[in-house]
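Worksheet: the structure to be examined is printed underneath.
The values are calculated or read from the model by the stated rules, or taken from the named source; none is laboratory data. Predicted model only: the values in this text are computed from it and were never measured. Quick note on the areas: whole protein, heavy atoms, side chains included, nothing else; ligands and nucleic acids left out. Shrake-Rupley method; radii C 1.70, N 1.55, O 1.52, S 1.80 Å.
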Amino acid sequence: MPRSGIAGSHGGPTFNPAVSTKSNHCLDAAKACNLNDNCKKLRSSYISICNREISPSERCNRRKCHKALRQFFDRVPSEYTYRMLFCSCQDQACAERRRQTILPSCSYEDKEKPNCLELRSLCRTDHLSEPAYCIPDSSLL
């Protein structure tokens, strides 16, 4: 029986369910990435950049995080990135780990969350692209 279900004879990743870590395809994908020097280096880079706190008021540099994520997806072969993006999870904990690994909160969360009054004002002024969270005032009664 082979030692690992990740690396194939041609040097690329293959999936061997018999050696899989109890059907945790996301963990298998991360392990495959770690066996490829380029994938491992670029993944470590975006994780480091996207998790680096700038100051107590600024969690991270979103522009640098986006740049590092783009480099990862542009420079790493899709056989690795697709497995990481589209791995299936059987439980919520796995899904949350996948989200944090592939989609760091720095890449999409605003520094400050708007309060209810700001959202209400936005809903009243922006009629062209009313966000889904805008509800008619009559429904608040």
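Given the conditions (1) open to solvent by less than 40 Å² (accessible area, probe 1.4 Å); (2) modelled with pLDDT under 95; (3) part of a helix (DSSP H, G or I), and given that CYS87 satisfies all but one, which numbered condition is not satisfied?
(3)
What residue, among those in region 32-79 that are of a type in the set (Val, Ile, Thr) and within 13 Å of THR101 (Cα to Cα), is least open to solvent (accessible area, probe 1.4 Å)? Spell out the reasoning first.
Of all residues in region 32-79, those of a type in the set (Val, Ile, Thr) come to 47, 49, 54, 76.
Narrowing further to those that are within 13 Å of THR101 (Cα to Cα): 47, 49.
On the way: ILE47: 57, ILE49: 41 Å².
Looking at residues that are of a type in the set (Val, Ile, Thr) and within 13 Å of THR101 (Cα to Cα), I get ILE49.
Give just the number: which of (1) within 16 Å of the chain's Cα centre (by Cα); (2) modelled with pLDDT under 90; (3) open to solvent by 80 Å² or more (accessible area, probe 1.4 Å) does TYR82 not satisfy?
(2)
Just need a number here: residues in region 100-141 that are at pLDDT 80 or above and not in a loop (DSSP other than H, G, I, E, B).
Applying the first criterion (at pLDDT 80 or above) to region 100-141 yields 104-107.
So of that shortlist, the ones also not in a loop (DSSP other than H, G, I, E, B) come out as 105-107.
So the count comes out to 3.
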